[in-house]
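One structure is given below, encoded as C-alpha cells.
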Amino acid sequence: QVQLVESGGGLVQTGDSLRLSCAASGRIFSRYAMGWFRQAPGKEREFVSTISWNGDNTDYADSVKGRFTISRDNAKATVYLQMNSLKPEDTAVYYCAAARTAFTTRSAYDYWGQGTQVTVSS
C-alpha cells in the first residue's frame with residue numbers, strides 16, 4: 001500500500017506556470033512508475049503523464065506535450081508535474097497515481113491521491 005498527497009494547485013492566468021507535487025508514503029516508492037491524471041468538470045478522468053521508476057522514461061498526452069514535464073525525486077519519495085504555458089483547457093482536478101510496475105504506463109494504476117485543483121483563467 002502507498003498513500004499519495006498532491007499539492008501545488010491554484011488559480012493562475014493563461015500563460016502562467018505551476019508545479020504540482022505528490023508526496024508518497026507507505027510502501028517503497030522507488031520501484032513504482034508514477035503518473036498524473038486530470039478531470040475537468042463534466043468530463044472523464046484523462047491521462048496526462050507518466051514516469052518510470054528511475055526517471056529514465058517519460059510519456060505525455062498529446063495535449064500537454066512540450067508544455068508539461070514530469071519528474072521524480074526518489075530520495076524525497078515525491079513526483080512533480082511542471083506545467084508551463086497553461087491554458088484554460090488545462091483547468092481540472094489533477095491526481096497523482098502509483099502503478100506498482102516499474103515502467104511507464106497510461107493505465108493500470110493502483111493507488112491514487114486526493115487531487116489538487118488547477119484553474120486557469122483567460
Item to complete: Among Gly55, Gly26, Gly42, determine the one that fluctuates most according to a GNM of the chain built with springs between C-alpha atoms less than 10 Å apart.
Response: Gly42
Worksheet item: Given the chain, what percent of its DSSP beta bridges are antiparallel, to the nearest 5?
Response: 90
Worksheet item: Tally Lys and Arg at +1 and Asp and Glu at -1 over the other residues with C-beta under 11 Å from the C-beta of Val12: what net charge comes out?
Response: -1
Item to complete: Find the accessible area per residue for the chain; the probe is 1.4 Å, ligands and nucleic acids are left out, and the unit is Å².
Response: 50
Discussion item. I'd like the projected area of the chain, averaged over all directions, using the convex hull of its alpha carbons. Report it in nm² with one decimal.
Written reply: 6.6
Practice prompt. Taking only Cα atoms and a 10 Å spring cutoff, compute GNM fluctuations for the chain and point out the largest among Thr104, Thr50, Thr14.
Written response: Thr14
Worksheet, complete the sentence: Taking protein heavy atoms only, a 1.4 Å probe, and rounding to whole percent, the accessible area of the chain owed to carbon and sulfur comes out at 46
Worksheet item: What is the local net charge at Asn54, summed over the other residues whose Cβ is closer than 10 Å to its Cβ (Lys, Arg +1; Asp, Glu -1)?
Response: +1
Discussion item. Placing +1 on the Cβ of each Lys and Arg and -1 on the Cβ of each Asp and Glu in the chain, which of Gly15, Ala108, Val120 has its Cα farthest towards the positive end of the resulting dipole?
Written reply: Ala108
Item to complete: Pairs of Cα atoms under 8 Å, at least six residues apart: use those to get the relative contact order of the stretch 2-122, whole percent.
Response: 37
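The values are calculated or read from the model by the stated rules, or taken from the named source; none is laboratory data. Since we're looking at a predicted model, the values are computed, not measured. Neighbour counts run over all protein chains shown; Cβ positions are idealised from the backbone, glycine included. These area figures cover heavy atoms from the full protein model, side chains too; ligands, DNA and RNA do not enter into them. Shrake-Rupley method; radii C 1.70, N 1.55, O 1.52, S 1.80 Å.
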